[in-house]
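Chemist: After the structure tokens below, expect a handful of questions from me.
The values are calculated or read from the model by the stated rules, or taken from the named source; none is laboratory data. None of these values were measured; they are calculated from a predicted model. A quick note on method: Cβ atoms are made from the backbone with ideal geometry, for glycine too, and the neighbour counts reach across all protein chains shown.
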Amino acid sequence: MDGPVGAIPHEILELCDRKGSLEVVGRSGSGKTVFCLTLVCLLAQRGRRVTYMSTRIPMKSVFSTYPVCGEITGGTFVDITNVVRRSAEENIEHVELGDIADFAVFMADRVGTDFILAIDPWDGLAEKDGRPLVDVERAMAEVINQMGCSVILSREKKEEGPLVHSVDAQITLDSLDVEGESVRQMRIEKMRGFEMLRREHLYTLKGGRFCVTDTLGFSPGGFELRVVDLPKPMEEDGTHFPSGIQEFDEITGGGFAGGSYVTFETDRETPSSLVEVLCYPLMADFLLKGRGVMVIPAGARDAAAELSVVKGMFDDAQWEKVRQKYLARGLRIVEFGRGEPSDPDCSVSAPGEDLEEEYKSWLGLRKELRDAGKSPVLSIASYDTIESMYGREPALRIAGANASLIRRDKGLHISIVSADLAVRDRLIAVSDYYLRTKLIDNTVLFWGIKPKTRVHALSIEDPGSFRRIRLVPMA
């Protein structure tokens, strides 16, 4: 479920709706409390009767530390820390519990089919009992089974005891290393009654909310989007081309500097269409300003296939206006083979036989676009297409060869390359900007090598008119 509160995989929400219980395990600082509070908040929004019990941190401190508490409408907060000073908040209940038996009595008149209780952390309640942990777990498991409602438990260390077998789901909050940064990862170890398509998710705790960072719909075909209004041309500072990604433009001081050579490196798991989605705002801005755009698509797709993605955003009347006013005038898409062009306005044929000769024709096309618009040109070349069509050695000979031309005419060139292509090192050497993307757990991570940036997750939003790409810090 997504929204301003946070995002948690729908299977977890549905498990709680079905009165299932779960345990979340993670070291200190992994986000267990944020997970519990976010989950409780989302369940309250679904009409469930929720209670959050704090066993170690005074509830007043929880309220001041985690803003999501203020969004849990109709919830009850229970403080069993035995802090002498009482909170003034009306929805905080202070209770003294000595053992699991006290807890069972406390819960006896509260349970019901719509009731959900989060105990954070469960270790704090267990410590009050005083008995060996295995006995405490066995007693708690019996209480959970008798209550017949959903219970959410958190603890720091994973223990193989009676409680693990009693809960319906177990979730581990951990981390993995990406480019020297620690990126948070959630693993769903067990989920009884659900066929899980994916058990691992990356997540952030931005704004004190738990949010999985799945880059949903990053494939162009994955968007159910209709354009209401075309985006307005982006403001420029006279020296940079804005990328259309606000966070990136803030990092670079305005976007890509005029006359720059840019390389996007992707891993093989990342769909080739992803980087094209990243380039959409930049391409649209060039076309809206009457500038030329030349594209050698990934996967050797033809112009019709490329344009079909854009066409799907418009109704028929809008599409014809966009075609005539912007695309026919300024967009050229290279397609390979000697057949008929797939699009009468935007197709540019390339036999795919002699790269050196065809490379000269591409430079000529770029000059034509520049002269026609009397302005800089954006060119985008996918090297998986070039290398597959012409071979490794010819691709190496032209890689980066147009860098000096780009710098002279103050245009912009973007090369798209995968890590296993022979041209990669050559492109790194000539690039002014070298950016990487990597797909992990259905999240597309993005970071800069030139310039060096932190690791971010790509988030693609639909504001109702045009795609908006955001970068979400993962640290």
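Chemist: Which pairs turn up if I take residues in the stretch 245-263 that are within 15 Å of E235 (Cβ to Cβ) and look for partners that are of a type in the set (K, R) and not in a loop (DSSP other than H, G, I, E, B) with beta carbon separation below 8 Å, at least 6 apart in sequence or on another chain?
Modeler: I245/R470; Q246/R470
Chemist: Give the stretch 345-377 a look and list any residue that's over 21 Å from A304 (Cβ atoms), aliphatic (A, V, I, L, M) and buried (at least 21 other Cβ atoms within 10 Å of the Cβ), or say none.
Modeler: The one that is over 21 Å from A304 (Cβ atoms), aliphatic (A, V, I, L, M) and buried (at least 21 other Cβ atoms within 10 Å of the Cβ): V377.
Chemist: Could you identify the single residue in I92, I80 that is among the hydrophobic types (A, V, I, L, M, F, W, C) and either modelled with pLDDT of 85 or more or not assigned by TED's automatic domain parsing to the domain that holds S21 (or both)?
Modeler: Result of the check over I92, I80: I80.
Chemist: Determine, yes or no, whether D420 is at pLDDT below 90 and either under 14 Å from E265 (Cβ atoms) or part of a strand (DSSP E or B) (or both).
Modeler: yes
Chemist: May I pose another question? What number of residues within the stretch 28-61 satisfy the criterion of being more than 22 Å from the chain's Cα centre (by Cα) and closer than 21 Å to R110 by Cβ?
Modeler: 15
Chemist: Filtering the stretch 168-204 down to residues that are among the charged types (D, E, K, R) and more than 23 Å from A475 (Cα to Cα), which residue is surrounded by the most Cβ atoms within 10 Å (Cβ to Cβ)?
Modeler: Across the stretch 168-204, the extreme among qualifying residues is D168.
Chemist: Looking only at the stretch 345-385, which residues are touching a Pro at 6+ places or on another chain (Cβ under 8 Å) and farther than 20 Å from G411 by Cβ?
Modeler: Answer for the stretch 345-385, where residues must be touching a Pro at 6+ places or on another chain (Cβ under 8 Å) and farther than 20 Å from G411 by Cβ: S347, S349, L355, E356, T385.
Residue-wise test of (1) in contact with a helix residue (DSSP H, G or I) (Cβ under 7 Å, 6 or more places away or on another chain); (2) in contact (Cβ under 8 Å) with a residue 40 or more places away in the chain; (3) within 18 Å of K32 (Cβ to Cβ); (4) not assigned by TED's automatic domain parsing to the domain that holds Q170.
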{"position": "M107", "(1), (2), (3), (4)": "yes, yes, no, no"}
{"position": "I119", "(1), (2), (3), (4)": "yes, yes, yes, no"}
{"position": "N145", "(1), (2), (3), (4)": "yes, no, no, no"}
{"position": "S150", "(1), (2), (3), (4)": "yes, yes, yes, no"}
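Chemist: Hey, another quick one. Out of L133, L125, I need the residue that is in the same structural domain as D17 (by TED's automatic domain parsing), touching a Phe, Trp or Tyr at 6+ places or on another chain (Cβ under 7 Å) and farther than 21 Å from C16 by Cα. Which one?
Modeler: After applying the criteria, what remains is L125.
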